[in-house]
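Before any comments, here is the structure.
FYI, it's all coordinate maths here, none of it is from the lab. Quantities reported herein were computed from a predicted structural model and do not represent experimental measurements.
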């Protein structure tokens, strides 16, 4: 699990799992939200944008 918002020590204890860490770098992230097509239902929209 790699989330900075979580208390990783507590999650590791809760899962009874080892806690590891590594040095990482920041990478730019671009988030796109493709528009749904006219009359497109949610199932088709999700299938199109996920695959």
Exercise for the section: Find how much the distance from residue 43 to residue 27 grows on full extension, using 0.36 nm per residue of separation minus their present alpha carbon separation; answer in nm with one decimal. Expected result: 2.6 nm
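Can you give the Kirkwood hydrodynamic radius of the chain from its Cα pairs, in Å with one decimal?
Values: mean 1/r = 0.0669 Å⁻¹.
Its Kirkwood hydrodynamic radius stands at 14.9 Å.
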Exercise for the section: Determine the calculated [θ] at 222 nm for the chain from helices alone, applying -39500 (n - 2.57) to every DSSP H run no shorter than 4 residues and normalising by the residue count; nearest 500 deg cm²/dmol. Expected result: -9000 deg cm²/dmol
